[in-house]
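*Asks:* Quick one: this structure, given as structure tokens, is what I'll be asking you about.
The values are calculated or read from the model by the stated rules, or taken from the named source; none is laboratory data. Nothing here was measured: the structure is a model prediction, and the numbers come from that model. FYI the Cβ positions are ideal-geometry reconstructions off the backbone, even for glycines, and counts take in every protein chain you see.
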Amino acid sequence: MSIIRRSTSLFQPRRGPEQRILTENRALIEDIDRRKLLRGAVSLGALSMLTGCDVAEQPQVQSVLRTVSSFNDRVQAAIFDPNRLAPTYSEAQVVNPPRFNAYYEIENVKPIDISGWKLELAGLINDRRPWNIEQIYALPEQEEIIKHICVEGWDYIGQWSGPNLRHFLTLVGADLTAKYVAFHGNDDYLEVIDMPSALHPQTILATKYAREPITDPFGYPLRLRTAVKLGFKNPKWIRAIEVTNTYQEGFWEKQGFNWFSGL
């Protein structure tokens, strides 16, 4: 669904060509599905009608896309309910093994040497001592049978378990009033989520799938699993967690996808 809502203030005329375009074409913009728009599935002819320019003028087209995306992020963040639970499912509906997804092919997965693996902590955290996998496995587990929804249009129901992220952040003395939690992957994948989503009751540090340790190529030994974000916001092979007030652009955000990407 479109997450741009009618607002008396949102479309008030402002300086700059992007704001003028949005103001003059409010009805059309409200009808454009944000995910298709950001994936480029919407005809560029529609964008040329908005901009009044040749679609080959990429800087102008990208400027409009970024402006709409920014609006989407702000509205999604404003309407996000940190206490509302996402739907859960039965064990009979679980797909096993889970579906592989990454920005590279499965044959390019580089398994982690668990003997030297540690979870590093950084940023606004009081106790930044690294954690080994045995310490993480010793924490209380939370199980979630939830749907993984990919921005590409596919989904599956998965059974994940591991420590609750809010519990873990509290345990290490993280600043829960900070804006962001960043996850650095062993494959150099970076993803950042807002703190309210990190503290959501259904957000966990997953160590198991279908009650068995996660294997490669599915993110062993640790991955994020949250019920309130699209799939690409759930990084795998996590090597470091950083709590910060400084926004860092993740891999897919650099490709033009919405930062908030909530469900």
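*Asks:* Do the conditions hold for VAL75, that is, is it among the β-branched types (Val, Ile, Thr), at pLDDT 70 or above, in a helix (DSSP H, G or I) and out of contact with any Asp or Glu (no Cβ under 6 Å at 6 or more places or on another chain)?
*Replies:* yes
*Asks:* Still on this structure, I have one more. Quick one: would you say TRP252 is crowded, with 23+ Cβ neighbours inside 10 Å and either not polar (S, T, N, Q) or not assigned by TED's automatic domain parsing to the domain that holds MET195 (or both)?
*Replies:* No, not satisfied.
Residue by residue, here is whether (1) among the hydroxyl-bearing types (Ser, Thr, Tyr); (2) farther than 30 Å from ASN258 by Cβ; (3) out of contact with any Cys (no Cβ under 7 Å at 6 or more places or on another chain); (4) part of a strand (DSSP E or B) holds:
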position: SER115; (1), (2), (3), (4): yes, yes, yes, no
position: ARG129; (1), (2), (3), (4): no, yes, yes, no
position: GLU134; (1), (2), (3), (4): no, yes, yes, no
position: PRO140; (1), (2), (3), (4): no, yes, yes, no
position: ILE145; (1), (2), (3), (4): no, no, yes, yes
position: HIS148; (1), (2), (3), (4): no, no, yes, yes
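*Asks:* Taking VAL75 as the residue in question, decide whether it is touching a residue at least 60 places away in the same chain (Cβ under 8 Å) and farther than 24 Å from PRO213 by Cα.
*Replies:* Yes: the conditions hold for VAL75.
*Asks:* If you scan the stretch 187-216, which residues turn out to be at pLDDT below 95 and over 17 Å from the mean Cα position of the chain (by Cα)?
*Replies:* Result: THR215, ASP216.
*Asks:* In addition: Would you tally the residues in the stretch 144-154 being closer than 19 Å to ALA210 by Cα and without any contact (Cβ under 8 Å) to a residue 60 or more places away in the chain?
*Replies:* 1
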